[in-house]
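First up is the structure itself, then whatever we jot down about it.
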Number of protein chains: 4
Amino acid sequence: MHLAGTYIGVVGPGDGASADDIADATQLGRLIAERGWVLLCGGRAAGVMAAATRGAVEADGIAIGILPGTDRRDAAPNLTIALATGLGEARNAVLVSAADAVIACGMNPGTASEVALALRAGKPMVLVRPTPETSRFFATVASADTLHMADDAASAITWVSDHVR
Amino acid sequence: MHLAGTYIGVVGPGDGASADDIADATQLGRLIAERGWVLLCGGRAAGVMAAATRGAVEADGIAIGILPGTDRRDAAPNLTIALATGLGEARNAVLVSAADAVIACGMNPGTASEVALALRAGKPMVLVRPTPETSRFFATVASADTLHMADDAASAITWVSDHVR
Amino acid sequence: MHLAGTYIGVVGPGDGASADDIADATQLGRLIAERGWVLLCGGRAAGVMAAATRGAVEADGIAIGILPGTDRRDAAPNLTIALATGLGEARNAVLVSAADAVIACGMNPGTASEVALALRAGKPMVLVRPTPETSRFFATVASADTLHMADDAASAITWVSDHVR
Amino acid sequence: MHLAGTYIGVVGPGDGASADDIADATQLGRLIAERGWVLLCGGRAAGVMAAATRGAVEADGIAIGILPGTDRRDAAPNLTIALATGLGEARNAVLVSAADAVIACGMNPGTASEVALALRAGKPMVLVRPTPETSRFFATVASADTLHMADDAASAITWVSDHVR
């Protein structure tokens, strides 16, 4: 099986994810799979990671989890591949490095670090349904052609489709 | 020489640092050294990294640079110790992990990733002279007892002194 | 697609791989795929990495490449998934951390680091057709129940099958 | 304080270090300090790490510990600087990357990974009092101008002095 592949990172809160975050992440996973893209996420069995994984896998897609720890016990159970990096929080940099574009649903400090690293790397970055505080802040540190604010998962995917190589 | 040590990370823009960022970083470096603390920074010969290093070293302090690349050619020349990690952007996570508290002067995507990782790790975090957008955003993802907004370098150091173990 | 999964790292020289190393790696890739396991390798388009990938993919298996750099341009072209970690040589630790067992074909310094990290982590480790110097050295730092010397790829796979959880 | 600096990594077993390893590491630490070089080590309060640190610090030198975990509780108490990287075993790659040359006393899997990574990076590498198995193996994967076998700590330091830039 060869996946030439476009890899899309979906990032967002684990335990503190809202119902909207979960719904958006599930739909993002499904849409990523339907495009034939690969989903990359943080891999834990919680919140946005678990929801995006479920969405992708239910649509017959591929979901790769980049885990912080040294074993796979806390991985989302339906991941296609779970990679236990052993790097702790430095795994966020690996997830972003491996992705062609990144989409965030919801926000917390870990998510903010991934958004920031994606902007640092100049990767196409979408914030889905950001709060006013989130969108105003990241707009001050990113150029408009790299960072997009999307009203929903579908428009996030459309924008990514136009911006990945 | 034994440095029981409190390690303070100072983070901020390299090439795009403003005059205020440079002035604040220089003063932070000096005040960190005067407290007998160790300065940790990103180590490159630019902007906030170079200014904080100069401030610390001119006050007879210790400045440690955590560099992204595999050699020390682009290190700030007066660093006490320059560590070429070879990790690329994942070195931001190492800098934050090694620090007891983090202070940011100025803002860009790389700096935002370090602020976010510090909040993620629950470390005392100060933003010096943040823009309204910056302070409002990070206030939405951090608790008030972990994140402080400071009007100047001196009050940043006072707050850190009260909050590091 | 859900791959509950056993992940087997295959490591060995890139440019300096011998004809035996290439033949063994190709067969290992095929046998790993036939068992329904996932192949993990260093991902570059050279030597053992490319051969193991080809073997796995030709047998309809999954091959994951853990690349040192920040892009996928130097990845083996038929990898199922190529992850550009951006970590440099620290990616060797990620590959070993993510694997349930590791098999080495051929030897060079990079390969030796992966064998050593696998032994350090207590993972089942097989050396295929090791030189006398290689087998004698690693036998001095590993217990006999963790490290196995195999005469060929097939017996390496049999031993791994008995030793992974 | 400015340390233009040559950084020498000293690696070796922690809990399983022999009396010879401890004596060699202590002397290496002292000789590194007397040359005005900086000692880099794995930083834990055990074996070769603790002994090299003690030797360097008692000779008024600088000892930097590159720790695997996220806090400094298990650091050798007299380190000049203890950096808690949070990277787990990937910290071995950071230690080697940051060093100009590496010296090993004693051997175990973790030490072997550091020796191998140093050879991979083409750094001057000395094995002090290697077993026949160790010296024969590493001689098969390294060139004679990069790898040296030393009978004692003093001759290791002399060879390093001739081979670091």
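The values are calculated or read from the model by the stated rules, or taken from the named source; none is laboratory data. Since the model is a prediction, treat every value here as computed from it, not as a measurement. For neighbour counting, all protein chains shown are included, and Cβ atoms are generated from backbone atoms with ideal geometry for every residue, glycine included. Surface areas here come from the heavy atoms of the whole protein model, side chains and all, with no ligands, DNA or RNA. Shrake-Rupley method; radii C 1.70, N 1.55, O 1.52, S 1.80 Å.
Is it the case that segment B:141-148 has a residue that's open to solvent by 40 Å² or more (accessible area, probe 1.4 Å) and small (Gly, Ala, Ser)?
Within segment B:141-148, the first condition is being open to solvent by 40 Å² or more (accessible area, probe 1.4 Å), and the residues that meet it are B:143-145, B:148.
Subset that is small (Gly, Ala, Ser): B:143-144.
Yes, segment B:141-148 contains at least one residue that is open to solvent by 40 Å² or more (accessible area, probe 1.4 Å) and small (Gly, Ala, Ser).
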Long-range neighbours under 8 Å by Cβ, at least six apart or interchain, first residue among the basic types (Lys, Arg) within segment B:22-33, second open to solvent by less than 50 Å² (accessible area, probe 1.4 Å) and assigned to a helix (DSSP H, G or I): B:Arg30/B:Gly55; B:Arg30/B:Ala56
Subset of segment A:67-91 (residues that are crowded, with 24+ Cβ neighbours inside 10 Å, within 7 Å of another protein chain (Cβ to nearest Cβ) and more than 18 Å from C:Gly42 (Cα to Cα)): A:Ala90
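Answer yes or no as to whether A:Thr26 is open to solvent by less than 10 Å² (accessible area, probe 1.4 Å), hydroxyl-bearing (Ser, Thr, Tyr) and modelled with pLDDT of 95 or more.
Numbers: open to solvent by less than 10 Å² (accessible area, probe 1.4 Å): no; hydroxyl-bearing (Ser, Thr, Tyr): yes; modelled with pLDDT of 95 or more: yes.
For A:Thr26, the condition - open to solvent by less than 10 Å² (accessible area, probe 1.4 Å), hydroxyl-bearing (Ser, Thr, Tyr) and modelled with pLDDT of 95 or more - is not met.
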Those strands (runs of 3 or more DSSP E) lying entirely in segment C:81-165 with at least 3 residues under 12 Å from the mean Cα position of the chain (by Cα) and touching a residue at least 24 places away in the same chain (Cβ under 8 Å): C:101-105, C:125-128
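Collect the residues in segment D:57-72 that are assigned to a loop (DSSP other than H, G, I, E, B) and farther than 19 Å from D:Ala90 by Cα, keeping them in residue-number order. Quick ask: steps written out before the conclusion?
Initial filter on segment D:57-72 (assigned to a loop (DSSP other than H, G, I, E, B)): D:59-61, D:68-72.
Passing the criteria: D:Ala59, D:Asp60, D:Gly61.
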Residue in segment C:112-122 that is open to solvent by 10 Å² or more (accessible area, probe 1.4 Å) and away from chain A (no Cβ under 14 Å) present: yes
Residues within segment D:1-23 that are more than 13 Å from D:Thr111 (Cβ to Cβ) and buried (at least 18 other Cβ atoms within 10 Å of the Cβ), tallied: 3
Any chance C:Gly36 is surrounded by fewer than 24 Cβ atoms within 10 Å (Cβ to Cβ) and either polar (S, T, N, Q) or facing another protein chain (nearest Cβ under 10 Å) (or both): no
Odd one out for A:Met49, checked against (1) under 29 Å from C:Gly42 (Cα atoms); (2) open to solvent by less than 20 Å² (accessible area, probe 1.4 Å); (3) in contact (Cβ under 8 Å) with a residue 60 or more places away in the chain: (3)
Residue check, D:Ala17 within 14 Å of chain B (Cβ to nearest Cβ) and not aromatic (Phe, Trp, Tyr): no
Yes/no for D:Thr26 being in contact with a helix residue (DSSP H, G or I) (Cβ under 6 Å, 6 or more places away or on another chain), in a loop (DSSP other than H, G, I, E, B) and among the β-branched types (Val, Ile, Thr): no
